[in-house]
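Enquirer: What follows is a structure written as structure tokens; I'll ask about it next.
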Amino acid sequence: MTDNNKPHFVTSQNFHGDNEYIKWLREIKSRYQAVRSRVALQANYGALEFNWLLGRDIVQKQAEARWGTGVVNQLSLDLREAYPDVKGFSARNLYYMKGWYEFYMTDDNHKKILHQLGAKLQIAENQNPIRLHQLGAEIVSSDR
């Protein structure tokens, strides 16, 4: 991994770098990293909200009673075909989304839980990816 704070110059003609340039370059890199982190956090928060709402849909539409017990598996297949590059649409994950919604099904809890999960994501930003059900379990244990 490259140290973004270490001065490194791509070969360029007619360039006379000095300490002021190095300082400016570091500031630019720092601002860029901050923007990337905010974008990633917003994307993760959006994904959490999507997962919550998909779990809600499965519950509120009474999907399994209406279309049969294979509806979650079918939905998984349809979503994975529509979005082959996206991970997280396995039947197991869809059941996690449903269970997560069922556990925290009031609208007030919805905002509280998403806020708490967003905070957890911010803390874990540079760590290994965290799965939805792991975050839910962490919140349950911290609420007790």
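The numbers here are math on the coordinates, done by the rules we state, and not lab data. None of these values were measured; they are calculated from a predicted model.
Enquirer: Read phi for every residue in region 44-53 and hand back ³J(HN,Hα) as whole Hz from Karplus 6.51 cos²θ - 1.76 cosθ + 1.60, θ = phi - 60°, with x for Gly and Pro.
Expert: 3J(HN,Hα) across region 44-53, in whole Hz: 5, 4, x, 5, 4, 5, 4, 4, 4, 5.
Enquirer: What is the gain in length, in nm to one decimal, between A47 and Y21 on full extension, counting 0.36 nm per residue of separation less the C-alpha to C-alpha distance? Let's see the in-between values first.
Expert: Values: separation 26, 0.36 × 26 = 9.36 nm, distance 3.88 nm.
Length gained, A47 through Y21: 5.5 nm.
Enquirer: Then there is this: Any chance you could run the full-extension gain for N14 through Y95? It's 0.36 nm times the residue separation minus the Cα-Cα distance, nm to one decimal.
Expert: Working it through step by step, the gained length comes to 23.1 nm.
Enquirer: Here's a follow-up. How long is the gain from R31 to R66 if the chain were fully straight, where each residue apart is worth 0.36 nm and the alpha carbon distance is subtracted?
Expert: On the way: separation 35, 0.36 × 35 = 12.60 nm, distance 5.05 nm.
Once the chain is fully extended between R31 and R66, it gains 7.5 nm.
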